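A.B. asks: Next up is a structure, given as structure tokens.
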2 protein chains.
Amino acid sequence: MLLDFSTATGEQVRAACRAGVYTSPTPGLALGYVQANLVILPRDWAFDFLLFCQRNPKPCPVLDVTEPGSPEAKLVASDSDLRTDLPAYRVWRNGELVEEPTDINSHWRDDLVSFVIGCSFTFENALMAAGVPVRHIEQNVNVPMYRTNINCKPAGRFNGPLVVSMRPLLPAQAVKATQVCSRFPRAHGAPVHIGNPEAIGIRDISKPDFGDAVEVRAGELPVFWACGVTPQAAVMSAKPPFAITHKPGHMFLTDLKDTDLEGE
Amino acid sequence: MLLDFSTATGEQVRAACRAGVYTSPTPGLALGYVQANLVILPRDWAFDFLLFCQRNPKPCPVLDVTEPGSPEAKLVASDSDLRTDLPAYRVWRNGELVEEPTDINSHWRDDLVSFVIGCSFTFENALMAAGVPVRHIEQNVNVPMYRTNINCKPAGRFNGPLVVSMRPLLPAQAVKATQVCSRFPRAHGAPVHIGNPEAIGIRDISKPDFGDAVEVRAGELPVFWACGVTPQAAVMSAKPPFAITHKPGHMFLTDLKDTDLEGE
């Protein structure tokens, strides 16, 4: 019998990952539950990274940070184990990708600190519920993402450009999207830019730096949101001796509901 | 000639402190400029404290964190020097108050990290501008503050109860205050409790743990906000070998305007 993961809970998806039976991307899974980015760093890099997130909350909305050595994201997913509960991971050494395992038990160390960071899926669900279409979901491709000429505020060894995601919208939809997403500051919040891509250093909207291009139709404006790829890019650029992240699209399912992130 | 500090800029107040000519409390100074709490800790305590703030954003809304050893709060006050730019400080060793100097040049170390934390003055100005009265300002006393039975989320060596401030309001004013303060998440945001003090562990509203009692009139509800004394109490309770804070009421004047803190 096939389990319909779209109506599963966050805990059920984590259990399926832990058992090794789910190793695929997570969009559309456990609808209504908050999905999250994961960045794991050694303790002596953790302060700089937490400060980077603190200074750049729109691309890096921190949902939970573990105690050094603890694999449980207590505040957002009880009885979770970050070593096994994601479908797939990326292991980095000195900024180089060295492995894409489905668990990280063999890589675990007592000095590792895990950062659970909010993700755009939360506000995309809210947009669709508010009748605002999301083009890349309609076209069944990955969201287009771009490096901008906006620099993040540096912190210690971390620095880098703001990476944005783009969704094309009619002007009235862009207003509605701003209202809806403002309610979710811990899932990237309101857009950072509307309209002219060149003003933020994007030369060709049809050639995203990450993800897939989507159609921008007559009358639509490109609307840009701060993107969770920003902290990952900052980590890769800082080249810590050791780091682990989720594999793109293979997110961490929390116990939080999307509505829990509404408000301040 | 007397300088009217109420119409001064944040920078002018900092300069007066730096010159040693201003050593008094700061309420009412540089109206419209954001005033802030200050906590300074050694580098090896900074991660735990930043994590405590991250996990408890309502009592601990971080506005800026300096690089270790740097006395400049670059993000909120250009050319500032946190060693001299406050009217008065408190120096703590192992959780004990040992000195109340007007500058901390002789205490400075290359491993110190400074945390600049939002303050209730910001939302009190917004309340008064919205026609919501602030009793302790009317009565010209310090705001009443209480320890609650609500525990902060612990982080490393930091833990402790949520400390709240209280302002009595008519029900319609409490609604208006919630709307106004929701716009200022980096200045303690919306109230955490309205009404029955006993429900949050406050036995006698006429006996605050810090500050002064104020009159609660017939028909008024006590309205409680997360308070910036919370992080200071957590620091004192954790007893780090060395710490510096502002002297209560003697805040750090930033270049930010109150309106800069509006929004997400």
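Only the coordinates and a few stated rules stand behind these numbers; no lab work does. If you're wondering where the values come from, they're calculated on a predicted model, not measured in any experiment. Cβ atoms come from the backbone with ideal geometry, glycine included; neighbour counts cover every protein chain shown.
A.B. asks: Let me check I have the definition right: for segment A:1-83, take the eigenvalues of the Cα gyration tensor, multiply each by 5, take square roots. What are those semi-axes in whole Å, largest first?
C.D. replies: For segment A:1-83, the ellipsoid semi-axes come out as 27, 15, 10 Å.
A.B. asks: Would you mind checking the radius of gyration and Dmax of the protein assembly as shown based on alpha-carbon positions, in Å?
C.D. replies: Reported Rg and Dmax, both Å: 23.9, 86.
A.B. asks: In nm, what is the difference between 0.36 nm times the number of residues separating A:Asp209 and A:Ser78 and their Cα-Cα distance?
C.D. replies: Working: separation 131, 0.36 × 131 = 47.16 nm, distance 3.58 nm.
Result: 43.6 nm gained on full extension.
A.B. asks: Expected output is a single nm value to one decimal: the length gained when fully extending between B:Ser182 and B:Ser6, i.e. 0.36 nm times separation in residues minus the C-alpha distance. What is it? Present the calculation step by step, with values, prior to reporting the outcome.
C.D. replies: Details: separation 176, 0.36 × 176 = 63.36 nm, distance 2.59 nm.
Full-extension gain reported as 60.8 nm.
A.B. asks: Loop only by DSSP, 12 or fewer other Cβ within 10 Å of the Cβ. Give me the trypsin sites (Lys or Arg not before Pro) in segment B:181-264 that pass, ordered by residue number. Don't skip to the answer; put the middle values down first.
C.D. replies: On the way: sites: B:Arg183, B:Arg186, B:Arg203, B:Arg217, B:Lys257; in loops: B:Arg183, B:Arg203, B:Arg217.
Of the trypsin sites (Lys or Arg not before Pro), the ones in loops of segment B:181-264 whose Cβ has at most 12 other Cβ atoms within 10 Å are B:Arg203, B:Arg217.
A.B. asks: Sort B:Arg135, B:Arg109 so the one with the fewest other Cβ atoms within 10 Å of its own Cβ comes first.
C.D. replies: Details: B:Arg135 18, B:Arg109 12.
Listed from fewest to most nearby Cβ atoms, that is B:Arg109, B:Arg135.
A.B. asks: Name the residue from A:Ala233, A:Gly219, A:Ser165 whose Cα lies farthest towards the positive end of the charge dipole of the protein assembly as shown, charges +1 on Cβ of Lys and Arg and -1 on Cβ of Asp and Glu.
C.D. replies: A:Gly219
A.B. asks: Right, here's the next one. Suppose every K and R has +1 on its Cβ and every D and E has -1 on its Cβ; what is the size of the dipole of chain B about the Cα centre, in Debye to the nearest 20? The partial results should precede the final answer.
C.D. replies: Values: 24 positive and 29 negative charges, 147 e Å.
Value, rounded to 20: 700 debye.
A.B. asks: Okay, moving on. Rg/Rh for segment B:168-242 to two decimals, with Rh computed the Kirkwood way over all alpha-carbon pairs.
C.D. replies: On the way: Rg = 14.5 Å, Rh = 14.1 Å.
Ratio value, two decimals: 1.03.
A.B. asks: Against the globular-protein guess of 2.2 N^0.38 Å, express the Cα radius of gyration of segment B:34-82 as a ratio, rounded to two decimals.
C.D. replies: So segment B:34-82 has a normalised radius of gyration of 1.14.
A.B. asks: Oh, and also: With helices defined as uninterrupted DSSP H runs, which ones in chain B have an alpha carbon span along their own long axis of at least 20 Å and mean Kyte-Doolittle hydropathy of at least -1.0?
C.D. replies: What comes out of the filter, once short or polar helices are dropped, is none.
A.B. asks: Taking just the alpha carbons, could you work out the radius of gyration and Dmax for segment B:201-264, both in angstroms?
C.D. replies: Final numbers for Rg and Dmax: 16.2, 47 Å.
A.B. asks: What percent of all Cα-Cα pairs in segment B:121-230 falls in each 5 Å bin, counting up from 0?
C.D. replies: Once binned at 5 Å, the Cα pair distances of segment B:121-230 give 2, 12, 23, 26, 21, 10, 4, 2, 0.
A.B. asks: If you line up the Cα atoms of segment A:148-201 on their principal axes, what length do they span on each, largest first, in Å?
C.D. replies: Here the spans come out as 40, 27, 12 Å, largest first.
A.B. asks: If you take all C-alpha pairs in segment A:85-132, what percent of them are over 12 Å apart?
C.D. replies: 75 percent
A.B. asks: Per residue of A:42-48, count partner chain C-beta atoms within 10 Å of its C-beta, then hand back the mean as an integer.
C.D. replies: Other-chain Cβ atoms within 10 Å of each residue's Cβ, averaged: 3.
A.B. asks: By Cβ position, which chain A residue lies least far from the axis that rotates chain A onto chain B, and what is the distance to the nearest whole angstrom?
C.D. replies: It is A:Phe47, 2, counting Cβ atoms only.
A.B. asks: Give the separation of the Cα centroids, segment B:14-50 to segment A:23-81, in Å.
C.D. replies: Cα centroid to Cα centroid, the span is 31 Å.
A.B. asks: In peptide B:180-188, how many Cβ atoms from other protein chains are near each Cβ within 10 Å, on average?
C.D. replies: Mean inter-chain Cβ contacts per residue within 10 Å come to 1.
A.B. asks: Distances from B:Pro241 to the same position in the other copies: list them in nm, one decimal, shortest first, using label points 7 Å from Cα along Cα→Cβ.
C.D. replies: Between copies, matching label points for B:Pro241 lie 2.4 nm apart.
A.B. asks: How well do other chains shield peptide B:53-64, expressed as the mean number of their Cβ atoms within 10 Å of each residue Cβ?
C.D. replies: 2
A.B. asks: Would you mind computing Rg(Cα) / (2.2 N^0.38 Å) for chain A, counting N as its residues?
C.D. replies: For chain A, the normalised Cα radius of gyration comes out at 0.96.
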